[in-house]
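Undergrad: My questions all concern the structure below.
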Amino acid sequence: MIKKFKSIFNRVLGKLFRRKSGVKLGFYGPPNAGKTTLANRICMDWLGEEMGSASSVPHETREIKIKEKVEIESDGKMLSFNIIDTPGIATQIDYEDFLKHKISKTKAKKRAKEATKGVIEAIKWLDNVDCVVVVLDSTKNPYSQVNITIIGNLAARDIPVLIVGNKVDLKSSNLKKIESAFPQYDVIGISAQKGKNIENFYKEVFRLVK
């Protein structure tokens, strides 16, 4: 009975402290799914400034980036978030992939090394987040080794998850495939670049942290 009371007390205390200091919201997903674009959209909406640089070149984000005290309002309620944008998760990073984007061999090797280090750091950061938004490209097949690895790591840690199917403004978008691939999680379709369905995204994030 005492152990049960302590467990309930710690959960309640944890929620109160988390909301006071800021909900640690991690953004995870494969490269070029739109994590930084979505993080930038959120920061522009509520802070008037972008969080980081987004690019069509894979692994533009190669280190953890944090924006603290992002006050978000939804349905008359407000919460403070610490937005954590992580490098794209990949099971293999080859410097030759960067050569296709007209990057020199020296810079490509440096970028690959930094990206590999970034992936390791991103996985470590799973121990520090309160909840996670997994951003997937809805125009691509969700049944990839990378996506399954990400979801598996989150499930093992019992972290609350919201899956975002990004790029729904494109004709090849297929949100139903993502829903079928990961039926255990809520899935919402958005266009981070166009701002489509962002209000509903905020509502789902609030539901996630309750």
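The values are calculated or read from the model by the stated rules, or taken from the named source; none is laboratory data. Please read these numbers as outputs of a predicted model, since none were measured by experiment. For neighbour counting, all protein chains shown are included, and Cβ atoms are generated from backbone atoms with ideal geometry for every residue, glycine included.
Undergrad: Output the number of the condition that ALA156 fails; it satisfies all remaining conditions of (1) surrounded by fewer than 20 Cβ atoms within 10 Å (Cβ to Cβ); (2) part of a helix (DSSP H, G or I); (3) in contact (Cβ under 8 Å) with a residue 12 or more places away in the chain.
TA: With (1) surrounded by fewer than 20 Cβ atoms within 10 Å (Cβ to Cβ); (2) part of a helix (DSSP H, G or I); (3) in contact (Cβ under 8 Å) with a residue 12 or more places away in the chain applied to ALA156, the lone miss is (3).
Undergrad: Also, quick follow-up: From the list LYS203, LYS140, LYS177, LYS210, which residue is closer than 26 Å to ILE72 by Cα and modelled with pLDDT of 95 or more? Don't jump to the end; show me each part of the working.
TA: On the way: LYS140 fails: closer than 26 Å to ILE72 by Cα; LYS177 fails: closer than 26 Å to ILE72 by Cα; LYS210 fails: modelled with pLDDT of 95 or more.
Selected residue: LYS203, the only one of LYS203, LYS140, LYS177, LYS210 that is closer than 26 Å to ILE72 by Cα and modelled with pLDDT of 95 or more.
Undergrad: Give me the pairs, please: first residue somewhere in the stretch 46-58 and of a type in the set (A, V, I, L, M, F, W, C) and surrounded by 13 or more Cβ atoms within 10 Å (Cβ to Cβ), second residue anywhere and in a loop (DSSP other than H, G, I, E, B) and at pLDDT 75 or above, beta-carbon distance under 7 Å, and either six or more positions apart or on two chains.
TA: VAL57/HIS101
Undergrad: May I ask you to list the residues in the stretch 185-210 that are surrounded by fewer than 18 Cβ atoms within 10 Å (Cβ to Cβ), in a loop (DSSP other than H, G, I, E, B) and touching a residue at least 60 places away in the same chain (Cβ under 8 Å)?
TA: Of everything in the stretch 185-210, those that are surrounded by fewer than 18 Cβ atoms within 10 Å (Cβ to Cβ), in a loop (DSSP other than H, G, I, E, B) and touching a residue at least 60 places away in the same chain (Cβ under 8 Å) turn out to be GLN193, GLY195.
Undergrad: Which number in (1) free of Cβ contacts under 8 Å to residues at least 40 places away in the same chain; (2) farther than 18 Å from LYS24 by Cα; (3) under 14 Å from the mean Cα position of the chain (by Cα) marks the one condition that TYR143 misses?
TA: (3)
Undergrad: Could you tell me whether the stretch 165-184 includes any residue that is under 22 Å from VAL23 (Cα atoms) and either in a loop (DSSP other than H, G, I, E, B) or among the hydrophobic types (A, V, I, L, M, F, W, C) (or both)?
TA: Checked against the condition, which is being under 22 Å from VAL23 (Cα atoms) and either in a loop (DSSP other than H, G, I, E, B) or among the hydrophobic types (A, V, I, L, M, F, W, C) (or both), the stretch 165-184 yields no hits at all.
Undergrad: If you don't mind, another one. Mind checking which residues of the stretch 66-90 are within 20 Å of ASN128 (Cα to Cα) and surrounded by fewer than 18 Cβ atoms within 10 Å (Cβ to Cβ)?
TA: The answer is ILE66, GLU68, LYS69, GLU71, SER80.
Undergrad: Mind counting the residues in the stretch 127-153 that are touching a Leu at 6+ places or on another chain (Cβ under 7 Å), over 17 Å from VAL23 (Cβ atoms) and crowded, with 21+ Cβ neighbours inside 10 Å?
TA: Final tally of qualifying residues: 4.
Undergrad: Working carefully through the options ILE103, ILE93, ILE151, ILE120, find the one that is in a loop (DSSP other than H, G, I, E, B) and without any contact (Cβ under 8 Å) to a residue 40 or more places away in the chain.
TA: Values: ILE103 fails: without any contact (Cβ under 8 Å) to a residue 40 or more places away in the chain; ILE151 fails: in a loop (DSSP other than H, G, I, E, B); ILE120 fails: in a loop (DSSP other than H, G, I, E, B).
That would be ILE93, the only listed residue that is in a loop (DSSP other than H, G, I, E, B) and without any contact (Cβ under 8 Å) to a residue 40 or more places away in the chain.
Undergrad: Looking at ILE8, ILE42 in this structure, which one is in a helix (DSSP H, G or I), modelled with pLDDT of 95 or more and out of contact with any Gly (no Cβ under 7 Å at 6 or more places or on another chain)?
TA: Values: ILE8 fails: modelled with pLDDT of 95 or more.
Answer to the check: ILE42.
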